Amino acid sequence: MKYIVYVSQAKAPLSKDALKELLEKSRARNADDAITGLLLYRYSKDFDKGYFIQAIEGPDGVLDALWERISQDNRHHTIVTLAEGTELERMFPNWSMGFKNVEAIDLADVPGFAKIETESFWQNLKANQMPESVDLLRGFYDGD
Ligand SMILES: Cc1cc2nc3c(=O)[nH]c(=O)nc-3n(C[C@H](O)[C@H](O)[C@H](O)COP(=O)(O)O)c2cc1C
C-alpha cells in the first residue's frame, strides 16, 4: 500500500457547498477504490486564499490513478508533496476521507502550535533558509 501527503493552494476559496460536493464525490469514489485518508481545508482571511492538506492511502494502482487526477484538478495548484512512501497498515483505516474545515481557533489549542506572529518564530526561520513549503503553510494561519 502507498501513501501521499501534500499541501496545495485553492485556485479560488471554496464555498461550503463546493467543499461538500468535493467531499461527497471523493468519499463515494474512495469507498469504491479502497482509498482512505484525511483532508483539511483552511481559508485564510489575511491572504483571501484557501489551502488544503491531504493524506491519501491505498493500493498502489488506484493510489497512482487518484494522484494523477488530483494533480490535474484545476481547483488547486502549487501542490507540494510533504511525504510519500509505502506502508503496511493504513493510518486512516476508517475514513473514506476524513474532513475538517479548520478554523484558527482550532489551531490555537494544539499543544506546541507555533504562533506565527511572534518574533521568536521568525528568528528561528532565517529568511534565506525558509523553504517555499513553509511559506505555503503560513496560509493555514491568519493570526486570529
Ligand atoms: C483538494 C482535493 C482533494 C481531492 N480528493 C479526492 C479524493 O480523495 N478522492 C477522489 O476520488 N477525488 C478527489 N478529488 C477530486 C479529483 O481531483 C477528481 O476530480 C475526481 O476524482 C473525479 O475525477 P474524474 O472526473 O476524472 O473521474 C480531490 C480534488 C481536490 C481539489
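The values are calculated or read from the model by the stated rules, or taken from the named source; none is laboratory data. This structure is a prediction, so every number in the text was calculated from the model and none was measured. Neighbour counts run over all protein chains shown; Cβ positions are idealised from the backbone, glycine included.
Filtered by the rule that a residue be touching a residue at least 60 places away in the same chain (Cβ under 8 Å), within 16 Å of A65 (Cα to Cα) and in a helix (DSSP H, G or I), region 1-27 gives S26, R27. Here the condition is being in contact with a strand residue (DSSP E or B) (Cβ under 6 Å, 6 or more places away or on another chain) and more than 15 Å from E84 (Cβ to Cβ); of L22, L40, it holds for L40 alone. Of the residues making up region 43-76, those that are assigned to a strand (DSSP E or B), within 14 Å of the ligand (Cβ to nearest atom) and within 16 Å of L19 (Cα to Cα) number 8. Taken together, the residues in region 50-75 that are surrounded by fewer than 17 Cβ atoms within 10 Å (Cβ to Cβ), under 18 Å from A10 (Cβ atoms) and out of contact with any helix residue (DSSP H, G or I) (no Cβ under 8 Å at 6 or more places or on another chain) amount to 5.
Which residue, of F99, F113, is at pLDDT below 60 and either touching a Leu at 6+ places or on another chain (Cβ under 7 Å) or assigned to a helix (DSSP H, G or I) (or both)? I'd like the intermediate steps shown before the answer.
On the way: F99 fails: at pLDDT below 60.
Being at pLDDT below 60 and either touching a Leu at 6+ places or on another chain (Cβ under 7 Å) or assigned to a helix (DSSP H, G or I) (or both) holds for just one of F99, F113, which is F113.
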